[in-house]
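Comments concern the structure below.
The values are calculated or read from the model by the stated rules, or taken from the named source; none is laboratory data. Note that this is a predicted model, so its numbers are computed, not measured. Heads up, the Cβs are rebuilt from the backbone with ideal geometry, glycines too, and the neighbour counts pull from every protein chain shown.
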Amino acid sequence: MNAGTWALLVAVAVAVGFGLVWRARQGRVRATTSEEIVHDQLPEELRAQLADAPDAKVTLLQLSTTFCAPCRHTRILLSDLAQRTAGLRHVEVDLTDHPEWSTPLRVHTTPTTLILDRTGRELFRVRGVPRRDELAVALQPHL
């Protein structure tokens, strides 16, 4: 084999490896580190919107964009989960309307779901479409 063939095989192997790692990380519930806590970073308009339902123990704050296909799947999954679970609510915010919020909320990809307690403290976050069973297990101690 010549050098061009080897270079192509290496490039394909790297791309496949990257794709597998990326796919494995999508939809996983990830504990929030202290650097990622957004409670003090919530924009005032968003903080007011979240204060509307004080009876909710946990809020699933979905951050989406207009032309995001996985965001639609996430919306269906989260709203269904919230309807079936007492003390849980789903709020979706379109970052297309508020792009300035992505930096303080540390959102670099959509959909991203922030799971917040009733005080607005971030418990954990999910990038991509959440895995329903994993999310339900992670939520259980907080409800």
Taking the residues in region 62-73 that are under 21 Å from LEU88 (Cα atoms) and in contact with a Ser or Thr (Cβ under 7 Å, 6 or more places away or on another chain) as candidates, determine which candidate is surrounded by the most Cβ atoms within 10 Å (Cβ to Cβ). LEU63
Residues of region 99-126 being surrounded by fewer than 18 Cβ atoms within 10 Å (Cβ to Cβ) and closer than 20 Å to HIS73 by Cα, which ones? HIS108, THR109
Please work out if LEU50 is modelled with pLDDT of 90 or more and within 18 Å of ARG125 (Cβ to Cβ). no
Out of (1) in contact (Cβ under 8 Å) with a residue 40 or more places away in the chain; (2) over 16 Å from LEU42 (Cβ atoms), the one ASP133 does not meet is (1)
Of the candidates ILE115, ILE76, the one satisfying the condition of being touching a Phe, Trp or Tyr at 6+ places or on another chain (Cβ under 7 Å) and either among the aliphatic types (A, V, I, L, M) or not in a loop (DSSP other than H, G, I, E, B) (or both) is ILE115
Within region 110-133, can you find the residues that are hydroxyl-bearing (Ser, Thr, Tyr) and modelled with pLDDT under 90? THR119
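For GLY27, state whether it is modelled with pLDDT of 90 or more, surrounded by 10 or more Cβ atoms within 10 Å (Cβ to Cβ) and at positive phi.
No.
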Against the definition (under 14 Å from ILE115 (Cβ atoms), assigned to a loop (DSSP other than H, G, I, E, B) and touching a Lys or Arg at 6+ places or on another chain (Cβ under 7 Å)), how does ALA82 come out, yes or no? no
